[in-house]
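The values are calculated or read from the model by the stated rules, or taken from the named source; none is laboratory data. Owing to the predicted nature of the structure, the values given are computational and were not obtained by experimental measurement. Neighbour counts are summed over all protein chains in view; Cβ atoms, including those assigned to glycine, are modelled from backbone coordinates with ideal geometry.
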Amino acid sequence: MTYAGELAALATSACWTASSLSFALASARVGSLAVNIIRLVMALVAFLLVGLATTGELIPCSATPAAWCWLSLSGLAGFFVGDLCLFRAFVEIGPRLSMLIMALAPPLTALGGWLLLGEQLTPLHLAGMALTLGGVVWVVTETPEHGAPHKFSWRGGGLAFGGCLGQATGVLLAKPGMAGVTSPFAATEIRLLTGLGCFLLLAAVLGWFPQVVRGCRDRHAVAQMGLGALTGPFLGVTLLLFAITRIPTGLAQTFASLTPVLIIPFSAALYHERHSWRALAGALLAFAGIALLFL
């Protein structure tokens, strides 16, 4: 299918927009620590059902040992270290500044793909990436009319960069592991199992389980986390892994980085946020870059 990789990466961004809104609503009710664990458990249930229905395996036992190794390392970097740093950065410096630093993920992924995987990008690719990321940065650097509620700190900036590095590393490590699995769903399940195992171990050490139990008792939060789990760790990440089998990892990350742009109409509708012409111009610039990447 023509443009299958590009369309899958764009769909990833749309899925992550829905999951971001869902997790933000749930975190306001039960806290981000509970959300981080419950969302992975919910997504795992979906993967178990898909695996049983498609291959007869609850977990992808048919995957090669090399695939388990690469994808487990990818899950450690992406699902655990990356998400743990990013969720904490949201608290330290807020989502706007955090997403600004996360805009470094696509160029870091592209650099890693070139150095480690031998991926090549044409000048047209680089121009499209630059336009897209420029538009995203333009959107997230817009200061709200009422003033920014968070200020930059080196601790928060370091955490956001840790999230960025974890996401880029997770994608790069996943690509060689994809050759040894039957489908992107199986690959994502292996990554998720590793991430969830690390979160459960950390929860046991730090005593997070009472907060997780309280989160499970909030029916509204559970519904929001369920929607976020399906659109984020389940569909979104799986689509991204499919995309990196068709197009270079840096391009896939660029397409998937549109979440701050796609979220504009939803934030206006749900939170009555007022966006300036600058934000709209940044969105148009980002989509111009995406159009260039399709040429």
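Just one of (1) surrounded by fewer than 18 Cβ atoms within 10 Å (Cβ to Cβ); (2) not in a helix (DSSP H, G or I) fails for ALA63. It is (1). Residues in the range 1-17 that are at pLDDT 90 or above and either hydrophobic (A, V, I, L, M, F, W, C) or out of contact with any helix residue (DSSP H, G or I) (no Cβ under 9 Å at 6 or more places or on another chain) (or both): ALA4, LEU7, ALA8, ALA9, LEU10, ALA11, ALA14, CYS15.
Is it the case that GLY51 is modelled with pLDDT of 85 or more, under 16 Å from THR238 (Cα atoms) and touching a Lys or Arg at 6+ places or on another chain (Cβ under 8 Å)? Reasoning before the result, please.
Working: modelled with pLDDT of 85 or more: yes; under 16 Å from THR238 (Cα atoms): yes; touching a Lys or Arg at 6+ places or on another chain (Cβ under 8 Å): no.
When the stated conditions are applied, GLY51 does not pass them.
Helices (runs of 4 or more DSSP H) fully within the range 67-183 that include at least 3 residues being modelled with pLDDT under 85 and either of a type in the set (Val, Ile, Thr) or out of contact with any His (no Cβ under 9 Å at 6 or more places or on another chain) (or both): 83-102, 123-140.
For ALA187, state whether it is modelled with pLDDT of 90 or more, more than 21 Å from GLY112 (Cα to Cα), crowded, with 21+ Cβ neighbours inside 10 Å and small (Gly, Ala, Ser). Let's see the steps before the verdict.
Details: modelled with pLDDT of 90 or more: yes; more than 21 Å from GLY112 (Cα to Cα): no; crowded, with 21+ Cβ neighbours inside 10 Å: yes; small (Gly, Ala, Ser): yes.
So ALA187 fails the test.
Among the residues of the range 90-107, some residue qualifies, meaning at least one is among the small types (Gly, Ala, Ser), touching a helix residue (DSSP H, G or I) at 6+ places or on another chain (Cβ under 6 Å), more than 13 Å from GLY162 (Cβ to Cβ) and surrounded by 19 or more Cβ atoms within 10 Å (Cβ to Cβ). The helices (runs of 4 or more DSSP H) found wholly in the range 202-295 and carrying at least 1 residues that are of a type in the set (Ser, Thr, Tyr) occupy 235-244, 249-256, 259-262, 264-271. For the range 195-211, residues that are crowded, with 20+ Cβ neighbours inside 10 Å and either aromatic (Phe, Trp, Tyr) or at pLDDT 95 or above (or both) total 1.
A search for C-beta distances below 8 Å between a residue of the range 44-64 that is of a type in the set (Phe, Trp, Tyr) and any residue that is surrounded by 13 or more Cβ atoms within 10 Å (Cβ to Cβ) and modelled with pLDDT of 90 or more, counting only pairs 6+ apart in sequence or on different chains, returns PHE47/PHE185; PHE47/THR188; PHE47/GLU189; PHE47/LEU192; PHE47/PHE234.
What residue, of ALA269, ALA286, is free of Cβ contacts under 8 Å to residues at least 60 places away in the same chain and among the hydrophobic types (A, V, I, L, M, F, W, C)? Let's see the steps before the verdict.
On the way: ALA286 fails: free of Cβ contacts under 8 Å to residues at least 60 places away in the same chain.
Of ALA269, ALA286, the one residue that is free of Cβ contacts under 8 Å to residues at least 60 places away in the same chain and among the hydrophobic types (A, V, I, L, M, F, W, C) is ALA269.
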